[in-house]
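The values are calculated or read from the model by the stated rules, or taken from the named source; none is laboratory data. Treat the numbers as computed from the prediction; the structure is a model and nothing was measured. Neighbour counts are summed over all protein chains in view; Cβ atoms, including those assigned to glycine, are modelled from backbone coordinates with ideal geometry.
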């Protein structure tokens, strides 16, 4: 009986860890009604993307085949102003983010509800050494940034969330990446820098 209880406890912790390995980001775009959903999982398979309104009703649903992740735009044109929940469910678990949609001319229509960022500037540069890229972040205090690297075909090669305290710098060796890589750095407020 004790062994059975321990096995059940181990399986619960394993399931919890699987869902924590997945990452879901929602990034506001320049368009007043478009946002980008970025999901990174740990295995291939089917994912279900759902958008819920403030009343908890599903207003959009799509099934996506994911090769360890996907990027998908969502168009909120014609939707009512308010808070929406974006949910991605896979065999690894469920990830959820909330967004605010405000259909006004003065502001972006979709803004993530995360905290304000302390990042002051992000610098991404290709170094003279073959395939090496520098990311330098000017930051005050604690922050979380997500660094995404894409190959020349816009496939995600790497998607890492990094906790930083103060300024931060790192050099990536991308010489084995197919095509010309691109790098995207997003802070916790949803501000994105791309090169």
For this session: Quickly run through segment 171-188 and pick out the residues that are part of a loop (DSSP other than H, G, I, E, B), under 21 Å from the mean Cα position of the chain (by Cα) and free of Cβ contacts under 8 Å to residues at least 60 places away in the same chain.
Result: 174, 177, 181
Exercise. Restricting attention to segment 65-88, and to residues there that are more than 16 Å from the chain's Cα centre (by Cα), free of Cβ contacts under 8 Å to residues at least 40 places away in the same chain and part of a strand (DSSP E or B), which single residue is nearest to residue 156 (Cα to Cα)?
Worked result: 65
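In segment 154-170, what residues are outside any loop (DSSP other than H, G, I, E, B) and either in contact with a helix residue (DSSP H, G or I) (Cβ under 8 Å, 6 or more places away or on another chain) or within 26 Å of residue 66 (Cβ to Cβ) (or both)?
Within segment 154-170, the subset outside any loop (DSSP other than H, G, I, E, B) is 156-165, 168-170.
Once the filter is applied, which keeps residues that are outside any loop (DSSP other than H, G, I, E, B) and either in contact with a helix residue (DSSP H, G or I) (Cβ under 8 Å, 6 or more places away or on another chain) or within 26 Å of residue 66 (Cβ to Cβ) (or both), segment 154-170 yields 156, 157, 158, 159, 160, 161, 162, 163.
Could you check how many residues of segment 34-63 are in a strand (DSSP E or B) and either over 25 Å from residue 78 (Cα atoms) or in contact (Cβ under 8 Å) with a residue 24 or more places away in the chain (or both)? Talk me through it step by step, then tell me what you get.
We begin by selecting, within segment 34-63, every residue in a strand (DSSP E or B); these are 34-52, 58-63.
Those still in the list that are either over 25 Å from residue 78 (Cα atoms) or in contact (Cβ under 8 Å) with a residue 24 or more places away in the chain (or both) too: 34-52, 59.
Qualifying residue count for the region: 20.
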For this session: Could you check residue 78 against (1) assigned by TED's automatic domain parsing to the domain that holds residue 28; (2) in contact with a strand residue (DSSP E or B) (Cβ under 9 Å, 6 or more places away or on another chain); (3) modelled with pLDDT of 80 or more and say which number it fails?
Result: (2)
Exercise. Going through segment 90-118 one residue at a time, which ones are modelled with pLDDT of 75 or more and surrounded by 16 or more Cβ atoms within 10 Å (Cβ to Cβ)?
Worked result: 90, 93, 95, 97, 99, 100, 101
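Working carefully through the options 176, 187, 151, find the one that is modelled with pLDDT of 75 or more, exposed (fewer than 14 other Cβ atoms within 10 Å of the Cβ) and either over 30 Å from residue 65 (Cα atoms) or out of contact with any helix residue (DSSP H, G or I) (no Cβ under 8 Å at 6 or more places or on another chain) (or both). Don't jump to the end; show me each part of the working.
Numbers: 187 fails: exposed (fewer than 14 other Cβ atoms within 10 Å of the Cβ); 151 fails: exposed (fewer than 14 other Cβ atoms within 10 Å of the Cβ).
Result of the check over 176, 187, 151: 176.
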